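A.B. asks: Below you will find the structure I want to go over with you.
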Amino acid sequence: MNPLSKLFASERRTKISEYLNEHKRATVQELCRLLKVTPATLRSDLDFLESEGLLERTHGGAMMKASGRSEYSFSNRQLNNLDKKLSIAIAAANLVTPGQCIILDASSTALELAKVLAQKEMRLTVITNGINSAMELSNNQLITVILIGGVVRSGSPVLEGKLGSSILCQFDIDTMFASATGFSFEDGLSDFNVYEVELKKLMAKFSRNVVALIDSSKIGGSSIAAYASTKQIDTLITDRIADPALLEKLHKEKINVVVTS
């Protein structure tokens, strides 16, 4: 049996996004041949990706949008749930101790954490692929900032790809602080940007601890590509845990849950 026929939905959708990024458009038949799935399965995947704003359906196929879903633009995301992100950032900063080497992803929540850390009298090394976070932290002479990544997306202060990621193995990294488009117990931390996800997988791999910065709007959600399983998460910081069953599952996995006020 062709291994592609065993792909999970999230893996198929990642491959569809990658294919459309490279070829710009494709027919249903073309994608069915690529993934070894039925037209019904393929159309379900296309419907999901369209709802995520990652592609546009065409007659008999699909095409990649010139840019991602507008509401996912960084400037808009930065303003969404800002009070919750700030409370999460303050709680996360309390986990950072002098002399540590930490990673911040390029999320808007991590940017709030960078702003908090930039005000502290604390010697740190911070690795990030977030341009805005790097600029905030560079104002503090006690903080060594290492910017990694590769390609700058249009209209986004985020470095994507794995260029320069080999530097990760040269550091003793204490903790990765990262957000996501969605978090569910089954899928872990997932995001809509398949290129940034590949870098975040490496960041999680080389970090001793992973701290998830997840506001309540993201709990129970899932996007097209996972970068860290639930088992990889050491601490989850959120503004609210709505589902007692989820909290119990997290405790069973020995995940520390911090709920901000």
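The values are calculated or read from the model by the stated rules, or taken from the named source; none is laboratory data. Keep in mind it's a predicted model, so treat the numbers as computed, not measured. A quick note on method: Cβ atoms are made from the backbone with ideal geometry, for glycine too, and the neighbour counts reach across all protein chains shown. Side chains included, ligands, DNA and RNA excluded: accessible areas come from the protein's heavy atoms. Shrake-Rupley method; radii C 1.70, N 1.55, O 1.52, S 1.80 Å.
A.B. asks: List every residue whose amide H lies under 5 Å from the amide H of SER107, counting only residues 5 or more places away in sequence or on a different chain, with H placed 1.01 Å from N in the peptide plane.
C.D. replies: Those qualifying (amide H under 5 Å, at least 5 residues apart or on another chain) are SER179.
A.B. asks: Could you give each residue of the stretch 173-179 its phi-based ³J(HN,Hα) in whole Hz, using Karplus coefficients 6.51, -1.76, 1.60 with θ = phi - 60°, and x for Gly or Pro?
C.D. replies: 8, 6, 8, 9, 9, 8, 10
A.B. asks: Let me ask something else. Local charge sum around LEU95 (other residues, Cβ-Cβ under 12 Å, Lys/Arg +1, Asp/Glu -1)? Provide the component values of the computation, followed by the final result.
C.D. replies: Numbers: positive: none; negative: ASP174, ASP234.
Charge balance in the 12 Å sphere: -2.
A.B. asks: Using only the alpha-carbon atoms, what does the stretch 136-177 span along each of its principal axes? Please give whole angstrom values in decreasing order.
C.D. replies: That gives 31, 26, 16 Å along the principal axes, largest extent first.
A.B. asks: Could you give me the ³J(HN,Hα) list for the stretch 121-132, computed from phi with Karplus coefficients 6.51, -1.76, 1.60 and θ = phi - 60°, whole Hz, x at Gly and Pro?
C.D. replies: Values per residue, Gly and Pro as x: 8, 8, 7, 9, 10, 10, 9, 8, 10, x, 5, 5 Hz.
A.B. asks: Can you tell me the orientation of helix 9-23 relative to the chain, as the angle in degrees between its alpha-carbon axis and the longest Cα principal axis, to the nearest 10?
C.D. replies: 80 degrees
A.B. asks: If packing is taken as the average count of other Cβ atoms within 10 Å, what order do 202-214, 243-255 fall into, highest mean first? Mind dumping the intermediate values first?
C.D. replies: Values: 202-214: 21.3, 243-255: 12.2.
Highest to lowest by the protection proxy: 202-214, 243-255.
A.B. asks: Over the alpha carbons of the stretch 121-261, what is the largest minus smallest coordinate on each principal axis, giving the biggest first in Å?
C.D. replies: 42, 35, 27
A.B. asks: List the GluC sites (Glu not before Pro) in the stretch 180-237 that DSSP assigns to loop (not H, G, I, E or B) and whose Cβ has at most 14 other Cβ atoms within 10 Å. Which are they?
C.D. replies: Details: sites: GLU186, GLU196, GLU198; in loops: GLU186.
Here the sparse-neighbourhood loop sites are GLU186.
A.B. asks: Where does helix 108-118 land angle-wise versus the long Cα axis of the chain, in degrees 0 to 90, nearest 10?
C.D. replies: It is inclined by approximately 20 degrees.
A.B. asks: Largest first, how would ARG57, ARG12 line up by accessible area (1.4 Å probe)? Mind showing how you got there, number by number?
C.D. replies: Numbers: ARG57 75, ARG12 35 Å².
Reading off the accessible areas and sorting them downward yields ARG57, ARG12.
A.B. asks: What number comes out for accessible area per residue over the stretch 103-242 if the probe is 1.4 Å? Units Å², please.
C.D. replies: On the way: 5310 Å² over 140 residues.
Counting only protein heavy atoms, the per-residue value for the stretch 103-242 is 38 Å².
A.B. asks: Counting Lys and Arg as +1 and Asp and Glu as -1, what is the net charge of the other residues whose Cβ lies under 14 Å from the Cβ of ALA228?
C.D. replies: Details: positive: LYS200, LYS201, LYS205, ARG208, LYS218, LYS231; negative: ASP105, GLU186, ASP187, ASP191, GLU196, GLU198, ASP234, GLU253.
Neighbour charge sum, excluding ALA228 itself: -2.
A.B. asks: Quick one: with all protein chains in place, what share of the accessible area of the chain is carbon or sulfur, to the nearest percent (1.4 Å probe)? The partial results should precede the final answer.
C.D. replies: Values: 6420 of 12400 Å².
Exposed carbon and sulfur together represent 52 percent of the surface.
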